[in-house]
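The values are calculated or read from the model by the stated rules, or taken from the named source; none is laboratory data. All values derive from a computational prediction rather than experimental measurement. Heads up, the Cβs are rebuilt from the backbone with ideal geometry, glycines too, and the neighbour counts pull from every protein chain shown.
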Amino acid sequence: MKKANIIASVLFAVFSIVFIIYTVDTLPAGRQGVPGPGVFPIIVAGVMLLCSLSILITYIKSKDTTPIDLFSEGPRRAYLAMGVMVIYLVLAPIIGFLVVTFAFSVGTIKWFSKRGLLYVAAVSLGITVFVHITFSVILNVPLPTGFLI
């Protein structure tokens, strides 16, 4: 486990540094005291860098020798969740953001909770409407449209 955490923290630290450099080169940080589009990505990447370095330092000092089982129940559920997210990203522009987001929300909430289907559908509809209003209406950001909306 120690080796995996060290490798992961180094990879995330490198990713954070590359992301910060890319953001500084491509997005303006702001002008006349008003934050620009480059500020938030730099803050997020900076926090990720600090967290990565914290994990790296913690596990370099650690005496942990616990082996990693990559195919036990926990990691298999994580792999499945990542696969479902990839499918979501692929299907959103094809089918349509609203339909795929609703279906993804229903599936995810049902998988992680023991609530009834009516509750899950209501929460999923609320999430979908909230995201749509926030991005399409308020922020005027176009969401992917497909053949179903």
Quiz item: Which residues, taken from the range 1-46, are in a helix (DSSP H, G or I) and touching a Pro at 6+ places or on another chain (Cβ under 6 Å)?
Solution: THR23
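Just checking, does the range 91-109 include any residue being within 20 Å of the chain's Cα centre (by Cα) and not in a helix (DSSP H, G or I)?
yes
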Quiz item: Right, TYR22: in contact with a Lys or Arg (Cβ under 6 Å, 6 or more places away or on another chain), more than 27 Å from LEU125 (Cβ to Cβ) and of a type in the set (Ser, Thr, Tyr) or not?
Solution: no
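Of the residues LEU50, LEU70, which single one is within 24 Å of the chain's Cα centre (by Cα) and not in a helix (DSSP H, G or I)? If you could, list the steps in order and put the result at the bottom.
Numbers: LEU50 fails: not in a helix (DSSP H, G or I).
The conditions single out LEU70.
Out of the residues in the range 110-149 meeting the condition of being among the charged types (D, E, K, R) and over 20 Å from the mean Cα position of the chain (by Cα), tell me which one is surrounded by the fewest Cβ atoms within 10 Å (Cβ to Cβ).
Step one: list which residues in the range 110-149 are among the charged types (D, E, K, R), which gives 110, 114-115.
Next, only the ones that are over 20 Å from the mean Cα position of the chain (by Cα) stay: 114-115.
Values: LYS114: 5, ARG115: 13.
The qualifying residue surrounded by the fewest Cβ atoms within 10 Å (Cβ to Cβ) is LYS114.
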Quiz item: Pick from the range 17-74 the residues that are farther than 30 Å from LYS3 by Cα and among the aliphatic types (A, V, I, L, M): which of them is modelled with the lowest pLDDT?
Solution: ALA29
Quiz item: With respect to the numbered conditions (1) assigned to a helix (DSSP H, G or I); (2) under 30 Å from SER9 (Cα atoms); (3) of a type in the set (S, T, N, Q), which one is the sole condition not fulfilled by SER124?
Solution: (2)
